[in-house]
Amino acid sequence: MSPKYISDVNNPICEPFHRQSNSRQRILVVEDERDLRQITAEGLTDAGYQVDVAEDGATAWTALQIYQYDLLFTDQFMPKVSGVELLKKIHESRITLSVIMATGFLPTWEFALHPCLQPVKMLLKPYSFGKLLGMVKNVLSKTASVGDDIPLPPLPPEPPLPPLPQLLA
């Protein structure tokens, strides 16, 4: 079986618009670098996982609304929607999902502002496929024993806007 490439909402691959599930562990790989995306998806498929791929965060968000995944493996710096922005969308939508983020630069400032968004694991680029596969197996084995009905903690409230100045009469 080969990875399924999800390109956009108008693509028939994305129909019908409801969540689907099956017995094999399903991974969504999100990477804007074509060669890295292909190698990663093929390696995970060869390792026995059902893999879908998206070339950017916006396409990944569409797939996450349609399909149910056991793991999201995402790059951080991508066009349209970054990895952290994707994590925010997932959290706000209360989608329960394990996440591995691959990046050459850790977005620690984002996680300091929103600690609830921190992914399960961070994988620094460049990485070997063996390291990735070990991390995937580790994360999926930990989450396989945890129920899918665990709610996500709420996002911290946004600080209130300062009051508007009063006009003198």
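Values for this structure:
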quantity	calculated
Gained length - residue 108 relative to residue 129, 0.36 nm times residue gap less alpha-carbon distance	5.1 nm
Lys, Arg +1 and Asp, Glu -1 on Cβ, resulting dipole of the range 35-132 about Cα centre, debye, nearest 20	280
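Any read-out appearing in this document is the output of simple, stated calculations on the displayed coordinates, not a laboratory observation. As the structure is a prediction and not an experimental result, all values here were calculated from the model. Cβ atoms come from the backbone with ideal geometry, glycine included; neighbour counts cover every protein chain shown.
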